[in-house]
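Below is one structure, written out as structure tokens; comments come after it.
The values are calculated or read from the model by the stated rules, or taken from the named source; none is laboratory data. In this text the structure is predicted, and so the values were computed from the model without any measurement. Cβ atoms come from the backbone with ideal geometry, glycine included; neighbour counts cover every protein chain shown.
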Amino acid sequence: MIDTLKDKGLRKQMVEDLKRKGVDDVQILEAFNEIPRHFFVPQSLYGHAYEDTPLPIACKQTISQPYTVAMQTQLLEVSKNKRILEIGTGSGYQAVILKKLGAYVYTIERHKHIYEETKKIFEKLYFNIAAKYGDGYLGWNEFAPYDGIVVTCGAPEVPQKLLSQLKVGGIMVVPVGDNTQTMTKIIRVSEDKYETTHHGSFRFVPMVESYE
């Protein structure tokens, strides 16, 4: 895995673009500047790695556009040593950004091929990220409760089992809807009370129950 001066320059341009679009968390911008996105896209799409656009990966899935990853991360309010659960590992870019911010990251992927390939990327980059092959709707109860849960696929409704794995004071960021999703931030303010806010429309691949 090679990170050239050209790649670094393109990343800086990407970060400046994120700033213009409203991403203002300095630590998040630094993480985007340091993590080579081209490590997480297919080699055939290397030339498009730093465009602000989603790109196809295996199993008809996508790596989200940088702005979407940054926006979800910013809504999640990540800080050092927080325990974060990610639903939909994909190529691993979001998980590595979270890890770079100092979080303990747990991530679930329902496609076996993607899960196996992305675990190899984590190992090559020496990122200690707990990855699981399974059904994201079920979450990962073994390590619950979580300070944050981020869903990187479109859920038709808020997954209740995931909410139950969120600690009081914790935040879930989930795109909710069918064809187009509304980015939804949910704060668990008590054992049985939640505060919800909405943050624009997005398009994600669908969140599917069970796994392959």
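See the values below:
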| read-out | value |
| --- | --- |
| Test for V15: is it surrounded by fewer than 18 Cβ atoms within 10 Å (Cβ to Cβ), on the phi < 0 side of the Ramachandran plot, at pLDDT 95 or above and of a type in the set (V, I, T) | no |
| Of all residues making up the stretch 96-122, the number that are under 19 Å from I57 (Cα atoms) and either within 16 Å of the chain's Cα centre (by Cα) or of a type outside the set (K, R) (or both) | 16 |
| Checking P145 against (1) surrounded by 20 or more Cβ atoms within 10 Å (Cβ to Cβ); (2) modelled with pLDDT of 95 or more, the condition it does not meet | (1) |
| Scope the stretch 110-144; condition touching a residue at least 60 places away in the same chain (Cβ under 8 Å) and not in a helix (DSSP H, G or I); matching residues | R110, H111, L125, Y133, G134, D135 |
| Lone qualifier among T107, T118 - being within 30 Å of E195 (Cβ to Cβ) and crowded, with 23+ Cβ neighbours inside 10 Å | T107 |
| Subset of the stretch 18-44 that is under 17 Å from the mean Cα position of the chain (by Cα) and over 20 Å from F127 (Cβ atoms) - its residue that is surrounded by the fewest Cβ atoms within 10 Å (Cβ to Cβ) | D25 |
| Number of the exception - K161 against (1) among the charged types (D, E, K, R); (2) surrounded by 14 or more Cβ atoms within 10 Å (Cβ to Cβ); (3) touching a helix residue (DSSP H, G or I) at 6+ places or on another chain (Cβ under 7 Å) | (2) |
| In the stretch 45-62, the residues that are over 24 Å from R110 (Cβ atoms) and either within 16 Å of the chain's Cα centre (by Cα) or polar (S, T, N, Q) (or both) | D52 |
| Any hit, the stretch 172-191, residues being part of a strand (DSSP E or B), surrounded by fewer than 12 Cβ atoms within 10 Å (Cβ to Cβ) and in contact with a Lys or Arg (Cβ under 6 Å, 6 or more places away or on another chain) | no |
| Cβ-Cβ under 8 Å pairs, at least 6 apart or on other chains, the stretch 12-28 side in a loop (DSSP other than H, G, I, E, B) and among the hydrophobic types (A, V, I, L, M, F, W, C), far side surrounded by 12 or more Cβ atoms within 10 Å (Cβ to Cβ) and modelled with pLDDT of 95 or more | V23/L29; V23/Y67; V23/A70; V23/M71; V23/Q74 |
| Per-region count, the stretch 57-101, residues among the small types (G, A, S) and more than 16 Å from P175 (Cα to Cα) | 5 |
| From the options V105, V78, residue that is in a loop (DSSP other than H, G, I, E, B), of a type in the set (A, V, I, L, M) and either closer than 23 Å to E209 by Cβ or in contact with a strand residue (DSSP E or B) (Cβ under 7 Å, 6 or more places away or on another chain) (or both) | V78 |
| Candidates E86, E77, filtered to the one that is of a type outside the set (V, I, T), in contact with a Ser or Thr (Cβ under 8 Å, 6 or more places away or on another chain) and either surrounded by 20 or more Cβ atoms within 10 Å (Cβ to Cβ) or modelled with pLDDT of 95 or more (or both) | E86 |
